[in-house]
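To start, the structure itself, in structure tokens.
Nothing in this text is a laboratory measurement; each read-out follows from the coordinates by a stated rule. Note that the structure is predicted; figures quoted are calculated from it, not measured. Every residue, glycine as well, gets a Cβ built from its backbone with ideal geometry; the counts of neighbours run over all protein chains shown.
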Amino acid sequence: MTFEIKKIGVIGAGQMGAGIAHVGALSGFDMILNDISDDRLRAGLATINGNLARQVSKDQLGEEQRKEALSRISASSDYADLRNCDLVIEAATENEDLKRKIFAKLCPVLNPDAILASNTSSISITRLASATDRPEKFIGIHFMNPVPVMQLVELIRGIATDDATFEAAKALIDKFGKTSTVAEDFPAFIVNRILLPMINEAVYTLYEGVGSVEAIDTAMKLGANHPMGPLQLADFIGLDTCLSVMQVLHEGLADSKYRPCPLLVKYVEAGWLGRKTKRGFYDYRSGTPVPTR
């Protein structure tokens, strides 16, 4: 019998966490959004509200569905409020130490049967699971950004993940109306193992003066039929996230082809992280993106 998931906790009210709570609530689940401050929770709920309203304005949702979904989402900055969850998905920043600290505080309050998942885009699930009291009930559930729009979810089993946990996660993704693909627990899994080196190569192409920001993005949009150029996409993902995934690949696979481009490092050091800081490979401060190189 598959373990039934009814109530879901999400740790981290940023772009990913808010997106997961949004999709879960629309699929009929009770969602609890958790973050360290009320300000972050308010911002997360505002994001969900705005995205649901946008779906209504595009006739993808009815007003009644929007209200119902919102009524299923509660917010809390206290881990104790997650004690009745059947599943808790960690969607904090892509930083292994931070994730381990979260699990250390969370595990003691959780129901012993509860499943624990990480939305990490690159960090070893086996290693994260070993920092918990339930490695067999731990799994990687990696949603794509933006969660309400993107169809794919990567499911990643750690070395200890049991079949019941995997089946429950797979059934959940079906109920979310998403498509799951199974990836082995190797650095960056499938999507980012292929996508991030392409973005890194685009930054090298810029760094070596082969093309300007505009030339590179136009070339890939019109020459490879990509909906968004690689540098525009890097700004959307966040250059700090791009860099951290490249570092995980470089350290985990010890192959020089994954070396992060020095120009990517320089942008991150400058605090130019893309859209979220209004500057990256493009400057967004005027409202119209202007290439910064």
Zone residues, the range 1-40, relative to L98, backbone N less than 15 Å from point 7 Å out along Cα-to-Cβ: 11-18, 34-37, 40
Quick check: from the Cα gyration tensor, does the range 191-291 come out rounded (a/c under 1.5), prolate or oblate? oblate
Candidates L110, L98, L70: whichever shows maximal mean-square fluctuation once the chain is modelled as a Gaussian network with Cα springs under 10 Å: L98
Using the alpha-carbon centroid of each, what span in Å lies between the range 134-155 and the range 37-97? 16
Taking a ≥ b ≥ c as the square roots of the eigenvalues of the Cα gyration tensor, with a/c under 1.5 meaning rounded and otherwise prolate when a/b exceeds b/c and oblate if not, the range 2-80 is oblate
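Shape verdict for the range 74-169, please, from the Cα gyration tensor: rounded (a/c under 1.5), prolate (a/b greater than b/c) or oblate.
Cα axes put the range 74-169 in the rounded bin.
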Enter the angle in degrees (range 0 to 90, nearest 10) between the Cα long axis of helix 163-175 and the first principal axis of the Cα atoms of the chain, meaning the one along which they spread out most. 70
Quick numbers on the range 43-99, Rg and Dmax over C-alpha atoms in Å, give 14.7, 42
Have a look at A224, A91, A69 and tell me which one the Gaussian network model of the chain (Cα, springs below 10 Å) gives the largest fluctuation. A224
For the chain, the longest principal axis of the Cα atoms and the Cα long axis of helix 191-207 enclose an angle in degrees, to the nearest 10, of 20
For n ≥ 4 DSSP H runs only, could you compute -39500 (n - 2.57) per run for the chain, divide by its residues and tell me the 222 nm figure to the nearest 500? -13500 deg cm²/dmol
Rounded to the nearest 10 degrees, the helix 15-26 long axis (Cα) sits at an angle to the longest Cα principal axis of the chain of 40
Along principal axes, largest first, the alpha-carbon spread of the chain in whole Å comes out as 56, 46, 33
Scalar couplings 3J(HN,Hα) for the range 107-124 by Karplus 6.51 cos²θ - 1.76 cosθ + 1.60 (θ = phi - 60°), nearest whole Hz, x for Gly and Pro, are 3, x, 8, 6, 4, x, 8, 5, 8, 10, 9, 10, 8, 3, 9, 7, 7, 4
Give, in nm to one decimal, the length gained when the segment between I194 and R293 is fully stretched (0.36 nm per residue of separation minus the Cα-Cα distance). 33.1 nm
